[in-house]
Structure formats: C-alpha cells, structure tokens
1. Using 24 Å as the Cα-Cα cut-off, could you pick out the over-long pairs in Lys58/Lys104; Lys58/Lys206; Lys104/Lys167; Lys58/Lys138; Lys138/Lys206?
2. Kindly state, to the nearest 0.05, the FRET efficiency for Asp112 paired with Ser211, given R0 = 35 Å and r defined as their beta-carbon distance.
3. Using label points projected 7 Å from each Cα along Cα→Cβ, tell me how many nm separate Ala150 and Val204, to one decimal.
4. Whenever you get a sec, line up Ile188, Ile35 from highest to lowest accessible area (probe 1.4 Å, protein heavy atoms).
5. Which far-off residues, 5 or more places away or on another chain, put their amide H under 5 Å from the one on Ile187, with H placed in the peptide plane?
6. Stretched out fully, how many nm does the piece from Thr176 to Thr122 gain, at 0.36 nm a residue minus the Cα gap?
7. Using the basic label-point model (7 angstrom from Cα toward the beta carbon), what is the Ile188 to Asp65 distance in nanometres?
Amino acid sequence: MASPAVTKLGLWNWKRLAVACFFAGAGFALVAAAIMGAHAWYKSRPTEPRPWNYQAIKVRFNSRDFFPFLGDRYQEELERRKRRPAEKVAVPEKLKGRFAVLGKMRVQLYYDLENTTSLDYTLEPPQYSTIVSLQKLKSRGSLVDGKGLAWEIARRPSNLATDTEGKGILIPAQQTVRVLFTINYEIIDDSDLAKISDWGSSNVQKEFVQSMLEDVDSFVLLDESQRYRIELPLEDVTK
C-alpha cells in the first residue's frame with residue numbers, strides 16, 4: 001500500500017511551526033540576555049554602605065594602671081643629683097634645641113565589652129585586622145589617628161605567661177569579656193635635666209597621663225567588616 005502523499009497544506013503548517021519555534025527561541029534568548037545584563041548592572045552599581053552600629057558592643061570602664069619605663073639617661077641624672085644635688089647639669093651640645101627622650105609611660109586600660117547581638121563577635125588583633133584605631137578629640141569632636149593602641153584579652157595574674165599575641169578576642173553573643181588596651185607615651189624632657197620629675201611617684205604619673213589625654217575624649221575602634229563602632233571612654237582614667 002502506498003504512503004499517503006504530503007499535502008501542501010500540511011507542509012505549510014510545519015513551516016509555520018518551525019518559524020514560530022525560531023522566533024520563540026530568539027525571544028527567550030533576548031529575555032535571558034536582558035535578565036543577565038540587569039543582574040550584572042545591579043551587582044556592579046555603587047551601593048550605600050551600612051550605617052555604623054554604635055550599640056552592638058557596649059563598653060564599661062573597669063580599671064587602669066600606669067607603668068613608667070625610664071632610660072639610662074634618667075637614671076644617670078638621678079645618681080648625679082644624689083651625689084651633687086645643688087649642681088645644675090649642662091645640656092650636651094648635641095642635644096641642645098632637641099627633645100630628650102627619658103623613657104616611656106605605659107598606660108593599661110581595662111574595659112568590659114558586652115556583645116548585645118545574637119551572634120558571636122571576634123575583636124580581631126590590631127596588626128592583622130581591618131579595624132581602624134582612632135582618637136576622638138574633646139575640642140571639636142574630630143577623629144584623629146590612634147595608632148599605637150593595642151589590645152588583648154585580660155588575664156589573671158597567675159596566667160601572665162599565656163601567649164595571646166596575634167589572636168582575636170571572641171566575645172560570644174549576649175556575653176561580656178574583659179579586654180586590656182595598652183598604649184605607650186614617650187616621656188620627653190625639653191629643658192635641662194635638673195628639672196626631671198620623680199617618675200616613680202603615682203601623682204607624677206597621673207599628671208603626665210592627664211596631660212597626654214587632655215584633649216582626648218575617647219579611643220574609637222571602627223570595625224569595617226562588621227560596621228561596628230566601639231568607643232572607649234576616658235573620663236575615669238585619670239581620676
């Protein structure tokens with residue numbers, strides 16, 4: 001039995017179907033390309049940064065310590081004054097018109113940091129982190145450089161040998177951790193050595209730190225990754 005002949009009408013219907021499929025596929029490709037282009041534009045467009053979160057980490061001042069570390073020049077002058085207290089010391093020619101660094105004062109500040117969020121937070125170490133350390137001035141409220149501020153988890157006296165350098169400080173969600181912040185200030189004497197103060201006196205140490213922090217309202221840590229602003233108040237440090 002012979003195969004039925006393909007009619008012109010049936011061939012025309014197949015052509016219509018093929019053309020319709022072609023245009024449908026082209027339309028789908030155009031829509032897909034438009035969607036992909038819109039997605040790429042959306043990802044590449046400039047976005048507004050998240051606002052700084054001031055409340056995520058609450059801070060409470062706990063205590064402070066001052067530790068002077070004095071150089072050989074200071075010790076030599078103290079010995080000279082014991083031997084000949086009335087004699088005025090001449091400033092060496094090479095030091096005239098220059099500041100004389102007698103040593104440094106280490107300021108240790110203990111703060112309790114409370115994580116008020118529902119997620120754990122790690123305060124990264126200063127040398128490896130994206131945390132920016134600043135000082136907030138009393139005079140205008142401006143922020144200035146605060147490099148030199150370091151921090152580590154507070155330790156009990158019996159654990160002084162524990163190595164925590166370079167490690168982040170985990171502050172679990174809804175928990176409080178005590179953190180030790182440290183900064184060093186140079187002890188500078190730009191007058192003759194006969195006017196050197198007794199740096200072993202706690203009053204002298206406090207007066208010196210007061211002068212260093214006279215226009216500083218707080219230390220400020222900006223965590224750029226989490227958008228946290230952590231502010232360390234200083235009003236109780238020199239009381």
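1. Listed pairs above 24 Å: Lys58/Lys104; Lys58/Lys206; Lys104/Lys167.
2. After rounding to 0.05, the efficiency reads 0.80.
3. 2.5 nm
4. Working: Ile188 80, Ile35 110 Å².
So the residues, ranked largest to smallest area, are Ile35, Ile188.
5. Under 5 Å from the amide H of Ile187: Leu102, Gly103, Lys104, Met105.
6. Numbers: separation 54, 0.36 × 54 = 19.44 nm, distance 1.22 nm.
Result: 18.2 nm gained on full extension.
7. In this crude spin-label approximation the distance works out to 2.8 nm.
The values are calculated or read from the model by the stated rules, or taken from the named source; none is laboratory data. Please read all numbers here as calculations on a predicted model, not as lab measurements. Here the Cβ is made from the backbone with ideal geometry for all residues, glycine too, and neighbour counts use every protein chain on show. Accessible surface is based on the protein model in full, side chains and every heavy atom, while ligands, DNA and RNA are left aside. Shrake-Rupley method; radii C 1.70, N 1.55, O 1.52, S 1.80 Å.
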